[in-house]
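**Q** Structure below; questions to follow.
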Amino acid sequence: MGDAPGWARLQCVPGMLDGDIELEWLEGALGGVRTAVLWTGRPGLVAPLSYRRHGELAAACAASDRRGWPVRLRRSGGGVVPQGPGILNLSLAFPCTAGPAEQMESVYAQICAALTQALAGLGIAAEPRAVAGSFCDGRFNVAVVPPDGSAPLKVAGTAQYWRRGPQCHAVLAHALIIVDADPAALTAQANGFEAALGSGRRYDAGALTSVAQAWRAAHGGMAAPGDIAARFSQRLAAALTH
């Protein structure tokens, strides 16, 4: 991926991490260290620094915190996203000889290819595309293509954050995958936060799915196995090393 050959074995971190650890992986990439980590974030909402423009941010954060969904601001762009149980984060940090203007799209394409390959290994068809109404929408979402021919549903979102060092660039490519969390509950929390901000944004829970829900749809209504997260992780690890 990027300038580098195949990835080392994907690290699957037990427990929950603070998302700020990604900045440490990015700093390591400036020194030539390559990192591939699958992890779960602490429960809450994550919003870009651009949300500081909203005058009601402090009040909205306080209200979200009282609901048990503390808010953290991140440096990458996009919109508000949830974190917590049932959601996996893929973080890939690595050095690049060229900068974002030359490599951003190829990095997005490669991380989306790994995600779609992992889903295909579970019998789930997916493709990179925007999904109107989903939170943090973008053209490099990964969306499940339902077997009944209905509209694609977002199951993962991607983002990048770049840093330039004295000898190379480094990129942190990130994906957030809804594995077996409830998309409706996640959307409700995001909508509550946006309403408190007075941003005018509202998201549609019907634009989202989870790996577990997509499994059910792809397998004739059969309930997803209890180890669906482990199965997805195994498929993703294989996809990243090929």
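**Q** Working only within the stretch 62-99, note down all residues that are free of Cβ contacts under 8 Å to residues at least 60 places away in the same chain and over 17 Å from the mean Cα position of the chain (by Cα).
**A** Within the stretch 62-99, Ala62, Asp65, Arg66, Gly68, Pro70 qualify.
**Q** Scan the stretch 26-69 residue by residue and report those that are closer than 27 Å to Cys12 by Cβ, assigned to a helix (DSSP H, G or I) and not aliphatic (A, V, I, L, M).
**A** Across the stretch 26-69, the qualifying residues are Glu27, Gly28.
Let's see how each residue does on (1) within 27 Å of Val155 (Cβ to Cβ); (2) out of contact with any Lys or Arg (no Cβ under 7 Å at 6 or more places or on another chain); (3) modelled with pLDDT of 95 or more:
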position	(1), (2), (3)
Gly6	yes, yes, no
Arg9	yes, yes, no
Gly32	no, yes, no
Val37	yes, yes, yes
Gly44	yes, no, yes
Leu49	yes, no, no
Ser64	yes, yes, yes
Pro82	yes, yes, yes
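**Q** Go through the stretch 183-213 and give me each residue that's surrounded by 20 or more Cβ atoms within 10 Å (Cβ to Cβ), hydrophobic (A, V, I, L, M, F, W, C) and within 16 Å of Ser134 (Cα to Cα).
**A** Residues satisfying the conditions are Leu186, Ala190, Phe193, Ala207, Leu208, Val211.
**Q** Could you check Ala130 against (1) of a type in the set (A, V, I, L, M, F, W, C); (2) surrounded by 15 or more Cβ atoms within 10 Å (Cβ to Cβ); (3) under 17 Å from the mean Cα position of the chain (by Cα); (4) over 26 Å from Leu30 (Cβ atoms) and say which number it fails?
**A** (2)
The values are calculated or read from the model by the stated rules, or taken from the named source; none is laboratory data. Not measured: the values here are computed from a predicted model. So basically every Cβ, Gly included, is an ideal-geometry build from the backbone, and we count neighbours across all protein chains shown.
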